[in-house]
Amino acid sequence: MDKTLTSGRLPRHRPREAVISVLLSSLRPLGIQELHELARVQHPDLGLVTVYRTVEKLLELNLVQRIHRADGHHAYLSTSSSDQHMLFVQLVRTGRLL
């Protein structure tokens, strides 16, 4: 997991941190709009494009999964186990992921 995270490093970016924080703390799948609204609580200037780009990068790193909803929209959920979750949080906090 550590190698995957560090090889997929993203530049440090506070809005991106807000998106990651919401995804990590969610126990249920979130759609892009809902993820955007929840992350804006932490970072009011967060743009929708940043949410899409962050989710796409996390999908590439296999840190979130895309879930197809019955209404035709997608939702996203962290794929991390509790150990991976703690590593992920630590990497986000230290800037090694972002």
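What's the extension gain from Gln42 to Leu77 if we count 0.36 nm per residue and subtract their Cα-Cα distance? List each step's numbers first, then the result.
Numbers: separation 35, 0.36 × 35 = 12.60 nm, distance 1.88 nm.
This chain segment gains 10.7 nm when fully extended.
In the full protein assembly as shown, how much of Glu37 is accessible to a 1.4 Å probe, in Å² to the nearest 10?
120 Å²
If you stretched the chain out fully between Gln65 and Ile32, how much longer would it get, using 0.36 nm times the residue separation minus the C-alpha to C-alpha distance? Don't skip to the end; give the middle numbers.
Details: separation 33, 0.36 × 33 = 11.88 nm, distance 1.28 nm.
So the chain would gain 10.6 nm between Gln65 and Ile32.
Taking θ as phi - 60°, what are the ³J(HN,Hα) couplings along the range 63-79 by the Karplus curve (6.51, -1.76, 1.60), each to the nearest whole Hz, with x for Gly and Pro?
9, 9, 10, 8, 10, 8, 8, 4, 7, x, 8, 9, 10, 10, 9, 4, 9
The values are calculated or read from the model by the stated rules, or taken from the named source; none is laboratory data. This one's a predicted model, so the numbers in the text were calculated from it and none came from an experiment. Remember, those area values only see protein heavy atoms, side chains included, never the ligands or the DNA or RNA. Shrake-Rupley method; radii C 1.70, N 1.55, O 1.52, S 1.80 Å.
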